[in-house]
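Chemist: I am attaching a structure below and will ask some questions about it afterwards.
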Amino acid sequence: MKKGNRSKSKQEERTHSDKELFKTLWNYIIPFKRLFRTLVFLMLLNVVFGITAPLLFKWAMGLINESSSTELKLILPPLLGYFLILIIQWFSRVLHRFYSYKFSTRITNNIRNHVFGEVLGNKLDFFHNTESGLLTSTITNDIQELSDTGDRFVYVTTNLIRLFVILGILFYFSRWLTFSALIFMPFLFIIILLMRNYTRRVSSKWRKNWANVNQNINESMRSIQICKAFNRESENIKKMKDLNEETYRSSVRRGFAIFIVGPVSDLLRHILTIVILLVGTLEYNHLASFTVSVFYLFIFLLDYYYYPVLALARNINSFQSAFAILDRIIKVTEKPQIKEVDSGRIHQERFKGELEFEKVNFSYIPETPIIKNISFHVNPAQRVALVGHTGSGKTTIASLLLRFYDIDSGSIKIDGNNIQSYLLDDLRTR
C-alpha cells in the first residue's frame, strides 16, 4: 500500500517526460534564434582556439626536440601564435558573457510574460483551486532560476562538438591512448543515470516546499489582523519554522544530487591520468612515432577532453532541476478545463437592461449547490435589491451575470439573448 502511494506521489510530482519538457524549453528559445546562433558561434570560436593552443605547444616542443640548437627563434612563431590566440579568446569570452546574459534575460522575460498571461486567462475556478504561493513561486523564483538554462543549453551543445573534435585529434595521434581515455566514460554515465531519477524527485520536492513557504507568507500577511485578534502568532511562527526545516532538508538532498557528480568525476579523472601515463610510457618505449611532443599533447589535451565530459555530466543533473521548473510551469499554464473561453458571437454596443434568470443552478464544488433553481425577471431601468445573509449567493449571482463562472443548468438572458452568445468584453464593459 505504501509503495503504491509513493508511486502515485512521484507521478504527481512529474507529469511530463524529459522529451516533452525539452520541447517546451526549445519553444521558448526559438523566438531568439539569432542570439542563440551568436552564442553558438562564439563558443565554437573558443573551442577552435582552445584546441589550437596545445597543438602550437606540440609544434614548439617538436622543434626543440628535433634540433640541437636552443635558440629562441625556433619557438618564437608558435609562441607568437599562442599569444595571438589568447587575445582573440579574451575578446570572444567577453562577447560571450554579454550575449549570454542578454540571451538568458530574454528567455526569462518571455517565459514570465507567457506564464503571467496564461494565468490571467483562467476562470476564477483556477484561482480558487490553485494555491497562491504556487503561482507566486512559479512566476517569480522558479522562472528566475531558469535564466541560465538557455545559456547552459548552448554550453552543452558546444561541449559535445568540442568533445568529438578532441577525440578525433587524439585518435589521429594514438589509438591506444584514445581508447584509454574513453575507459572512464561508461562509469561516469552509469553514475549519472543512477542519480537522474533521484535528482528529478528531490528537485520537485524542493520546488513544492518553496511554494509552501511562499503560500504561508502570503496567507500570514493577508490575515494578520485575524492572527493578532486570536493570538495565533506563536502557531504561525511554529508552522513557518516547520516549513523552513522541511525546505532545508530537501535543499540539502537536492544539492547532494547535483554536486555529487563533481567529486566522483574528479576521482575518475585522476585514475584516467595514471592510465594515460602508463599507456603513454609503454608506447614511447615501443613506438618510434610516439614522440615526447605527442605525449605532451595528450597530457595537455586531457583537461580539454575531461572538462567537456564533466560539463555534460553536471548539466544533465542541472537540467533535471530546470525540467522540474518547466513541469510546474506546464501544470500552471496548461489546464484547458479551466481556461476562460469566449464562445460569444454577438457584438453589443449598448444593452437595454432586460435581465432574466430562468431555473438557474450552480455549484462551486460538484454536488454541493450554491444556487438552486432560481428564477427572476428584471425590466429595463427597474431597480432590484438582492437581500440575504452572508453566503446566500448574492455575490455569486453577480459573478454569474458577468460569466466569471458558467452555470450548471438553466439560462441567463440579457435583452432576450443568452449571455453566452455575447462577447465577453461587451458583456463585462457595457
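Chemist: What residue, of L243, L193, is closer than 24 Å to I325 by Cα and exposed (fewer than 12 other Cβ atoms within 10 Å of the Cβ)?
Modeler: L193
Chemist: Can you name every residue in segment 367-389 that is part of a loop (DSSP other than H, G, I, E, B) and of a type outside the set (A, V, I, L, M, F, W, C)? Let's see the steps before the verdict.
Modeler: Restricting attention to segment 367-389, the residues satisfying the condition of being part of a loop (DSSP other than H, G, I, E, B) are 367, 369-370, 379-389.
Correct list: E367, P369, N379, P380, Q382, R383, G388, H389.
Chemist: Something else about it: Name the single residue that is surrounded by the most Cβ atoms within 10 Å (Cβ to Cβ) among those in segment 354-395 being among the β-branched types (V, I, T) and more than 22 Å from N417 (Cβ to Cβ).
Modeler: I370
Chemist: Where residues in segment 94-106 are surrounded by 15 or more Cβ atoms within 10 Å (Cβ to Cβ) and modelled with pLDDT under 85, which of them is farthest from the chain's Cα centre (by Cα)?
Modeler: If we take residues in segment 94-106 being surrounded by 15 or more Cβ atoms within 10 Å (Cβ to Cβ) and modelled with pLDDT under 85, then H96 is farthest from the chain's Cα centre (by Cα).
Chemist: In segment 405-418, is there at least one residue being farther than 14 Å from F357 by Cα and either surrounded by 15 or more Cβ atoms within 10 Å (Cβ to Cβ) or without any contact (Cβ under 8 Å) to a residue 40 or more places away in the chain (or both)?
Modeler: So far as segment 405-418 goes, yes, one or more of its residues are farther than 14 Å from F357 by Cα and either surrounded by 15 or more Cβ atoms within 10 Å (Cβ to Cβ) or without any contact (Cβ under 8 Å) to a residue 40 or more places away in the chain (or both).
Chemist: Would you check if there is a residue in segment 259-279 being assigned to a helix (DSSP H, G or I), closer than 24 Å to I139 by Cβ and touching a helix residue (DSSP H, G or I) at 6+ places or on another chain (Cβ under 6 Å)?
Modeler: no
Chemist: If I filter segment 220-235 for residues that are assigned by TED's automatic domain parsing to the domain that holds T138, touching a residue at least 60 places away in the same chain (Cβ under 8 Å) and either surrounded by 16 or more Cβ atoms within 10 Å (Cβ to Cβ) or not charged (D, E, K, R) (or both), do I get at least one hit?
Modeler: no
Chemist: Just to verify a result, which residue in segment 130-175, among those that are of a type in the set (F, W, Y) and touching a Leu at 6+ places or on another chain (Cβ under 8 Å), is farthest from V294 (Cα to Cα)?
Modeler: Just the residues of segment 130-175 that are of a type in the set (F, W, Y), to begin with: 153, 155, 164, 171-173.
Filter once more, so that each one left must be touching a Leu at 6+ places or on another chain (Cβ under 8 Å): 153, 173.
Working: F153: 33, F173: 7 Å.
Looking at the filtered set, the residue picked out is F153.
Chemist: Further question on the same structure: Hey, among the residues in segment 32-60 that are in contact with a Ser or Thr (Cβ under 8 Å, 6 or more places away or on another chain) and among the β-branched types (V, I, T), which one's farthest from R162 (Cα to Cα)?
Modeler: If we take residues in segment 32-60 being in contact with a Ser or Thr (Cβ under 8 Å, 6 or more places away or on another chain) and among the β-branched types (V, I, T), then V40 is farthest from R162 (Cα to Cα).
Chemist: Out of everything in segment 1-54 that is more than 24 Å from the chain's Cα centre (by Cα) and polar (S, T, N, Q), what residue ends up being modelled with the lowest pLDDT? Break it down into steps so the answer makes sense when it comes.
Modeler: We begin by selecting, within segment 1-54, every residue more than 24 Å from the chain's Cα centre (by Cα); these are 1-6, 44-54.
Next, only the ones that are polar (S, T, N, Q) stay: 5, 46, 52.
Details: N5: 41, N46: 78, T52: 77.
Result: N5.
The values are calculated or read from the model by the stated rules, or taken from the named source; none is laboratory data. The model shown is predicted, which means the values in this text are computed figures rather than measured ones. Neighbour counts are summed over all protein chains in view; Cβ atoms, including those assigned to glycine, are modelled from backbone coordinates with ideal geometry.
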